[in-house]
Amino acid sequence: MDAEGNVPNTQLNNAKVVANSSRRRTSPSPAPLEAHEHRESLDTQLQIITRAKLPNRPSSELWDVSVSDGKIASISPHEPLTPVSATRLLDAKGSLLCPSLCHAHIHLDKCFLLQDPKFADLEIVDGDFQEAMKLTTSAKSRFGREDLMRRGRQLVQESIRYGVTSMRAFVEVDGDVDFKCLDAGLALKEEFADRCEVQICAFAQLPLFSGPDGGATVRRLMVQAAEREGVDVVGSTPYVESDGVKENMNIRWLTTLALRHFKHLDFHLDYHLNESKDPTVWNVIRTLDHLHWKHRSSRVITLGHCTRLAFFSPDDWASLRDTISAANLPISFVGLPTSDLFMMRTPQNYRGTLPIPQMIKEYGINAAIAVNNVGNAFTPQGSCDPLTVASLGVGVYQAGTKQDSEILFECISGRAKSAIGLPGTGLDLQEGDLADFVIFGQEDSEWRARKCVSEVIYDPPCQARTTIRSGRVISG
Ligand SMILES: [Zn+2]
């Protein structure tokens, strides 16, 4: 990024593409081309990425990664004395190549409200949840196709430049916005189809069973949304219902909708820090079990926020793991620490968020972390860069070891992809893995170039990153 915080438009500032085109065929060793001078080469399928450092391999060694049909065909040590012959070659120049990043949970329709001049009057005064709901509701009443597309496009473009190749994007459906957000989300999904997988979640932020008409309008619109082509997920926020009975009705109704239309299911759940209130997660598992999810669907269930679970004892966690495993359900949790730290506190002013690395390490629970909101009253701080949230995790979770940092990286990469039902690639890159990568560019001083995953997590690089999807260098 530059001094004003802008993400650079050009990628490959450090890595270079060699295009062995016909005019160069006479030269045995063509000089590398600067990518920004030859943008057309960026859309071309790579055959090999040469001279890359790889996670979990000695940082003194460089590797050549060949790509075929969008997957890793081979990984071999780089031989400096043996010229690599390939018509489409990316020279990583010793930079670290990792699996690409993923937003497991991001709100596409309400991003950049604090930056967009159209909503400049909606200033944060109180900075609490009630105000965030009020400001966002007010903004939603003025959403139009133009600003939804402009803000959403900006989010996807910036995310790609940070190394994101897939995301679960929430778009709200209710009587205020009708299908405006959904239509824009579906249009952006199509617009970016060859660069980033934008999974669309039709999302009921408003109650399904409370409110003026008992949620009838939202339910009617959600049914229609679930029938729309391109909608991958249905989601809701049971915690906004007026009482526990309606919360459970919300959970059961949406689960039935997901099963009927063979969609993934996403609940934003237990978003509070009130220890005296029972968590609804148990009811979610019970409902999924009663409705025979494991026999009726191969889709996944994702539970976001769940701050109430921060009060869980070791016995509670073990019980949660055992209950999920006994029901054989593909459930993942997504922690959203940036939002939770800003928005959630106990009456004593303690903060709480899901202890993601602990859930993974000690209990083997599937989990990831995500950005959640960018530029709105729910989370005014932060960017589209998932790495900044993973880096925040070092302090939030006291996760400073090498193993911890690798878990944090996976939480915004392979684990995040798995959490939303996509193939997740681990840090131990293997032949046959998807060729979806992010390469972290070099710094001014060679010794500051990130050599391993922990260096990336401790201090996310601001220099240009190179994003590769299905073996193709992509730009935002
Ligand atoms: Zn959210």
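The values are calculated or read from the model by the stated rules, or taken from the named source; none is laboratory data. Since the model is a prediction, treat every value here as computed from it, not as a measurement. No Cβ is skipped: glycine too gets one built from the backbone with ideal geometry, and neighbour counts run over all protein chains shown. Calculation scope for accessible area: heavy atoms of the full protein, side chains included, ligands and nucleic acids excluded. Shrake-Rupley method; radii C 1.70, N 1.55, O 1.52, S 1.80 Å.
Below are the figures for this structure:
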{"quantity": "Three-way shape call for region 343-399 based on the alpha-carbon gyration tensor, with the a/c threshold at 1.5", "calculated": "oblate"}
{"quantity": "Heavy-atom SASA rank of MET344, MET133, MET249 (probe 1.4 Å, accessible area, largest first)", "calculated": "MET249, MET133, MET344"}
{"quantity": "Heavy-atom accessible area ranking, 1.4 Å probe, most first, across MET359, MET149", "calculated": "MET149, MET359"}
{"quantity": "Interchain or long-range residues, amide H under 5 Å from GLU197's placed H", "calculated": "SER166, MET167"}
{"quantity": "Two-site label geometry, ASP289 and SER68: point separation in nm, points 7 Å out along Cα→Cβ", "calculated": "4.7 nm"}
{"quantity": "Calculated from backbone phi, Karplus (6.51, -1.76, 1.60) coupling profile of region 291-297 in Hz, x at Gly/Pro", "calculated": "8, 6, 3, 5, 8, 9, 8"}
{"quantity": "Mean accessible surface per residue for the chain, computed with a 1.4 Å probe while every protein chain stays in place, in Å²", "calculated": "40 Å²"}
{"quantity": "Angle in degrees between helix 314-327 and the longest Cα principal axis of the chain, rounded to the nearest 10", "calculated": "80 degrees"}
{"quantity": "Region 43-89 pair-distance distribution - Cα-Cα, 10 Å bins, rounded %", "calculated": "26, 54, 19, 0"}
{"quantity": "Nonlocal amide H pairs with ARG469, under 5 Å, H built at 1.01 Å", "calculated": "PHE437, ILE474"}
{"quantity": "Shape call, region 117-260: gyration tensor on alpha carbons, a/c limit 1.5", "calculated": "oblate"}
{"quantity": "Region 396-476 - charge dipole about Cα centre, Lys and Arg +1 at Cβ, Asp and Glu -1, debye rounded to 20", "calculated": "240 debye"}
{"quantity": "Label zone at LYS134 (point 7 Å along Cα-to-Cβ), backbone N below 20 Å, region 153-189", "calculated": "176"}
{"quantity": "In order through region 263-278: 3J(HN,Hα) via Karplus (6.51 cos²θ - 1.76 cosθ + 1.60), integer Hz, x for Gly, Pro", "calculated": "10, 5, 10, 9, 10, 9, 10, 6, 8, 6, 10, 10, 5, 7, 8, 5"}
{"quantity": "Karplus (6.51, -1.76, 1.60) ³J(HN,Hα), θ = phi - 60°, over region 157-170, in Hz, Gly and Pro reported as x", "calculated": "4, 4, 4, 4, 5, 8, x, 8, 10, 7, 7, 9, 9, 8"}
{"quantity": "Sequence of ARG448, ARG151 when ordered by accessible area, the most exposed leading, probe 1.4 angstrom", "calculated": "ARG448, ARG151"}
{"quantity": "Listed residue (TYR397, GLY214, VAL156) projecting farthest to the positive dipole end of the chain, Cβ model", "calculated": "VAL156"}
{"quantity": "Nearest-ten-degree value, helix 244-261 long axis tilted from longest Cα axis of the chain", "calculated": "50 degrees"}
{"quantity": "Residues of type lysines that LYS361 reaches as a straight line, Cα spacing below 26 Å, ignoring anything fewer than 8 places off in the same chain", "calculated": "LYS294, LYS402, LYS417, LYS451"}
{"quantity": "Antiparallel DSSP beta bridges within the chain, percent to nearest 5", "calculated": "45 percent"}
{"quantity": "Relative frequency of Cα-Cα separations exceeding 43 Å in the chain, percent", "calculated": "15 percent"}
{"quantity": "Given the chain, longest segment not containing exposed loop chymotrypsin sites (Phe, Trp or Tyr not before Pro) (DSSP; at most 13 other Cβ within 10 Å)", "calculated": "1-261"}
{"quantity": "Span from the region 228-291 Cα centroid across to the region 51-74 one, whole angstrom", "calculated": "41 Å"}
{"quantity": "Nearest-10 value in Å² for the accessible area of CYS196, using the 1.4 Å probe", "calculated": "0 Å²"}
{"quantity": "FRET efficiency estimate (nearest 0.05) - Cβ-Cβ, ASP316 to GLN430, R0 35 angstrom", "calculated": "0.45"}
{"quantity": "Apportionment of accessible area to carbon and sulfur, the chain, percent (1.4 Å)", "calculated": "48 percent"}
{"quantity": "Where labels lie 7 Å past Cα in the beta-carbon direction, separation of ILE124 and MET149 in nm", "calculated": "3.0 nm"}
{"quantity": "LYS361-THR82 FRET efficiency (beta carbon distance; Förster radius 41 Å; 0.05 resolution)", "calculated": "0.50"}
{"quantity": "Long-range amide H partners of THR425 with built H, under 5 Å", "calculated": "GLY414"}
